[in-house]
Amino acid sequence: MSKEIVSRAADYSQWYNDLVIKGGLADYSAVRGCMVIKPYGFSLWEHMRDQLDRMFKETGHQNAYFPIFIPKSFLSREADHVEGFAKECAVVTHYRLKTDPAGGGLIVDPDARLEEELIVRPTSETIIWNTYKTWIQSYRDLPVLINQWANVVRWEMRTRLFLRTSEFLWQEGHTAHATSKEAMEETLRMLEIYAGFVEEFMAIPVIRGVKTPSERFAGAVETYCIETLMQDGKALQAGTSHFLGQNFAKAFDVKFLTRENALEYVWATSWGVSTRLVGALVMAHGDDDGLVIPPRIAPIQVVIVPVYRGEDQKTPIDQEVGQIILKLKAAGIRVKYDDSDHNRPGWKFAEYEMKGVPVRLTLGSRDLSSRVVEVVRRDTREKMSWPLEGLAAALEQLLGQIQENLFSKARTFLTDHITPADDMETLTAILDGKGGFVSAHWDGNPQTEEKIKELTKATIRCIPLEAGGGEGKCVLTGRPSARRVLFARAY
RNA sequence: CGGGGUGUAGCGUAGCCCGGUUAUCGCGCCAGCUUUGGGAGCUGGAGAUCGCAGGUUCGAAUCCUGCCGCCCCGACCA
């Protein structure tokens, strides 16, 4: 029992850390606030990334790459933007080190100060819009539909593996359009792509919504988001899509000539999801025995463990497994055969459960003689004995069932954790009790929002795009409200 | 940045109050044998400048001073 994990009930935060580290996703690094993403965790990210990339390209976007460094002056061009990011920027001030003349190691060469400091990008709107100025002259140049896969740095005071690290990986889409309507359509299109990806591939149900002004992206006119709910009842923002209006076009002077020969500012969007999604996955599906990874993005979908005494028993098993692997691969299933001899079967069972592999096959001599294989699904722990004939097709179906089961379980949890409240007492009681989202009326005033945050530590996660439940009175002030919004404590 | 905690082998730890042989134990690691259907057993072995610097002392993991790192709670945030 070398890899005990703390239960969710005992210590939820520790449980999360245990899953990330003992599940082999990531490790702490020598750099404060930065993590090492290990091969298994990176493979998971790659599957997420590849699928999103496909979806972006299907909707007409192309990938490009912009510099990691941003001249300091760029950041201050858009007033809200600089205010939002200034206090968490890493800054490059010098370009050379030298040996300390006073002896010992290296020092920053004081003669090598940069004329203008460079910011390590916390997001790329400014460097990209500075570039778009040279790309866009006519309505014929529009739309510009660019995505970038990159790392960014935000100097957070407190960090958590995957959920909030100083450096993280993400994608950021930056588009330019001729009209406000078109830009808004793009904003919502990408929100829908995120929602579809998170629900259909990660098996996590989302709530689509709009942020209140105080939660809006720095520099955006409107921020749309998908919100998810973790098992401890806290909300996690899983993705955002921003309608930037003409803010960045004005800040970087990006104009185009319309068909009617009029000079107008371009309309913009930006949208992103990050490695934080990995954290969402861990917390949405994991259990007290480890990770539970939805089949559609699992690095390993099926693991095969042999059971044998001695080499003479192993040879026929190897041969049979060879056949199985061929058939599974032909069916497009990602399969791993773990016949390593330094760990015994029991150890492997626990290990692959910890890693959240959706299906385990166990094949021993006695299975072989009756032409069956033991099949164990990770989500329900159900053990079955299946005939070797027709195995690939049956597994394909099982993987689909697991995917569906994970989603429906998470959806039930979400639905059960959206609770209406019409007064502060109820709102607080729900937050302190079962947690989750509280659907309540809000008068639209930022000060009311701030006050509720002070009182309850809950923020307005979003104004849901779906039905608002009709008119009512603000949960705090009693002033009239057109619709309900969702409050929650959040990551 | 404020409050609390902590630092001994890759990981988890005992020893510290009350200074004294070769720093304890478990996991992991290496070798060999036996094992293999839910985290194997036995035997042998490797692995630690006790966070760093200074001080007190015949003698410091242990006492004193200073510094540093990390973790948790808050403010900030995807």
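The values are calculated or read from the model by the stated rules, or taken from the named source; none is laboratory data. Values in this document were obtained by computation on a predicted structure and should not be read as measured data. Cβ coordinates were reconstructed from backbone atoms using ideal geometry, including for glycine residues, and neighbour counts include every protein chain displayed. Accessible surface areas use protein heavy atoms only, side chains included; no ligands, DNA or RNA. Shrake-Rupley method; radii C 1.70, N 1.55, O 1.52, S 1.80 Å.
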* Structure fact -> By accessible area (1.4 Å), largest first, A:K348, A:K451 order as A:K451, A:K348
* Asked: Kirkwood hydrodynamic radius (Cα pairs, Å) of segment A:24-285?
  -> 19.7 Å
* Whole number in Å², please: accessible area per residue of segment A:24-285, 1.4 Å probe, ligands, DNA and RNA not counted. => 42 Å²
* Asked: Pairs A:K250/A:K451; A:K255/A:K451; A:K453/A:K473: which exceed 30 Å Cα-Cα?
  -> A:K250/A:K451; A:K255/A:K451
* **Under Karplus coefficients 6.51, -1.76 and 1.60, residue-wise ³J(HN,Hα) of segment A:272-283 in Hz, glycine/proline x** => x, 9, 10, 4, 4, 4, 5, x, 4, 4, 4, 7
* Asked: What is the gain in length, in nm to one decimal, between A:I68 and A:A30 on full extension, counting 0.36 nm per residue of separation less the C-alpha to C-alpha distance?
  -> 11.5 nm
* Return the tail of the calculated pair distribution for segment A:295-401, meaning the percent of Cα-Cα pairs more than 18 Å apart. => 43 percent
* Asked: Highest mean first, what order results for A:268-275, A:213-220, A:414-421 on Cβ atoms within 10 Å?
  -> A:268-275, A:213-220, A:414-421
* Pairs to check: A:K22/A:K409; A:K98/A:K133; A:K22/A:K211. Give those whose C-alpha atoms are more than 32 Å from each other in this structure. => A:K98/A:K133; A:K22/A:K211
* Structure fact -> Probe 1.4 Å, all chains present, heavy atoms only: A:F69 accessible area in Å², nearest 10, is 90 Å²
* **Using θ = phi - 60° and Karplus 6.51 cos²θ - 1.76 cosθ + 1.60, couplings along segment A:64-73 (whole Hz; Gly, Pro as x)** => 8, 9, 10, x, 6, 9, 10, x, 3, 5
* **Estimated vicinal HN-Hα couplings, Hz - segment A:245-260 in sequence order (Karplus 6.51, -1.76, 1.60; Gly, Pro = x)** => x, 10, 4, 6, 4, 6, 5, 10, 6, 9, 10, 9, 8, 7, 3, 8
* **Fraction of alpha-carbon pairs over 27 Å apart in chain A - percent** => 63 percent
* To do: Using a cut-off of 9 Å between beta-carbons, work out the net charge of the residues near A:T459 (Lys and Arg +1, Asp and Glu -1, A:T459 not included).
  => +2
* If Lys and Arg each add +1 and Asp and Glu each add -1, what is the summed charge of the other residues whose beta carbon sits under 12 Å from the beta carbon of A:L236? -> +4
* Carbon and sulfur atoms: what percent of the 1.4 Å accessible area of segment A:418-488 do they account for? -> 52 percent
* Positive end of the charge dipole of chain A (Lys, Arg +1 and Asp, Glu -1 on Cβ, about the Cα centre): tell me which of A:P67, A:T99, A:L399 has its Cα farthest that way. => A:L399
* Asked: For segment A:215-304, what mean projected area does the convex hull of the alpha carbons give, in nm²?
  -> 9.3 nm²
* Structure fact -> One finds, for A:L114 and A:T426 with R0 = 60 angstrom and r their Cβ-Cβ distance, a FRET efficiency to the nearest 0.05 of 0.60
* What dipole magnitude, in Debye to the nearest 20, does chain A give about its Cα centre under +1 on Lys/Arg Cβ and -1 on Asp/Glu Cβ? -> 180 debye
* Structure fact -> Which residues qualify? For A:L244, with a placed amide H closer than 5 Å and at least 5 residues away or on another chain, they are A:V221, A:A268, A:T269, A:S270
* To do: Under 18 Å Cα to Cα from A:K327, which aspartates and glutamates show up? Leave out anything in the same chain fewer than 8 places away.
  => A:D318, A:D338, A:E374, A:E389, A:E396
* Protection proxy ranking, peptides A:334-344, A:370-380, A:281-291, average beta carbon neighbours within 10 Å, highest first -> A:281-291, A:370-380, A:334-344
* To do: Rounded to the nearest 500, what is the 222 nm mean residue ellipticity of chain A from helices alone, with -39500 (n - 2.57) per DSSP H run of 4+ residues and division by all residues?
  => -11000 deg cm²/dmol
* chain A - percent relative contact order, Cα under 8 Å, separation 6 or more -> 13 percent
* Structure fact -> Simple SL model, points at 7 angstrom along Cα→Cβ for A:K329 and A:M157; separation in nm is 5.3 nm
* Asked: What is the sum of charges around A:W386, taking Lys and Arg as +1, Asp and Glu as -1, for the other residues whose C-beta is under 15 Å from the C-beta of A:W386?
  -> 0
* **Greater than 26 Å apart at Cα, pairs in A:K329/A:K383; A:K383/A:K434; A:K72/A:K457; A:K234/A:K355** => A:K383/A:K434; A:K72/A:K457
* Structure fact -> Hull volume per residue for segment A:418-488, using the convex hull of the C-alpha atoms, in Å³ is 71 Å³
